[in-house]
Amino acid sequence: MNIQKDFLIPFVGLKLGKHQFGYQIGKEFFESFEFDEFNDVNIKVDLVLDKKSTMLELAFKHKGTINVPCDLTGEEFDLPIKGKLNLIVKFGDAFNNENDELLILPHGEFQVDVAQYIYEMIVLSVPSKRIHPGVKDGTLKTEAIEKLNELAPKEQHKKEEENNDPRWDKLKQLLTDK
């Protein structure tokens, strides 16, 4: 995959109106950005370019899975992600990409590079805490979880009730009798 060519959209030859582009993003895409937090990537990106007489409107949507290690157990799992990004491209005297939603290209430019926007959109849609779905519902069985359960503190709530002083019961009753 040639990142330089595949993500350059020449908009000069396009008619006014909407144009659709699709990209299948894999691990090679992130390797070109020297980003190696994902073990595997399978994401489909849909891009709608709406060409108007004085500007371009780009609407990105992505959906797919990334394979990442769980932050709690270290087990690898496929994390489903999705998201969208809207970008407006206007023309001015100099290149300016300081605003997240506005890109200014110099007059005479004939193509727009969308690779950086796709990269940022996907990376920002990944949650900061990645937890295996088996941890949430209790179905994941690993050595780490078994060891944590073994070392977990035992329930001491019942012992506290048994060691309760009966003199305090009358005072507690005053609170509940209101």
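The values are calculated or read from the model by the stated rules, or taken from the named source; none is laboratory data. Please read these numbers as outputs of a predicted model, since none were measured by experiment. FYI the Cβ positions are ideal-geometry reconstructions off the backbone, even for glycines, and counts take in every protein chain you see.
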Q | Condition check for Phe7: touching a Phe, Trp or Tyr at 6+ places or on another chain (Cβ under 9 Å), of a type outside the set (Asp, Glu) and closer than 15 Å to Val123 by Cβ | A | no
Q: Select from the stretch 43-71 the residues that are of a type outside the set (A, V, I, L, M, F, W, C) and either at positive phi or surrounded by 14 or more Cβ atoms within 10 Å (Cβ to Cβ) (or both) and list them in ascending order.
A: Asp46, Asp50, Lys51, Glu57, Lys61, His62, Lys63, Gly64, Thr65, Asn67, Pro69
Q: Check the stretch 107-114 and report whether any residue there is under 21 Å from Asp6 (Cβ atoms), assigned by TED's automatic domain parsing to the domain that holds Leu49 and among the β-branched types (Val, Ile, Thr).
A: yes
Q | Failed criterion for Lys136 (all others in (1) within 26 Å of Lys5 (Cβ to Cβ); (2) not assigned by TED's automatic domain parsing to the domain that holds Ile9 hold) | A | (1)
Q. Looking at Phe11, Phe30, Phe110, which one is in contact (Cβ under 8 Å) with a residue 60 or more places away in the chain and within 23 Å of Lys129 (Cβ to Cβ)?
A. Phe30
Q) Within the stretch 72-87, can one find any residue that is assigned to a strand (DSSP E or B), basic (Lys, Arg), in the same structural domain as Glu34 (by TED's automatic domain parsing) and crowded, with 16+ Cβ neighbours inside 10 Å? A) no
Q.
Checking the conditions here, which among Val45, Val68 is under 30 Å from Lys141 (Cα atoms), touching a Lys or Arg at 6+ places or on another chain (Cβ under 9 Å) and at pLDDT 90 or above?
A. Val68
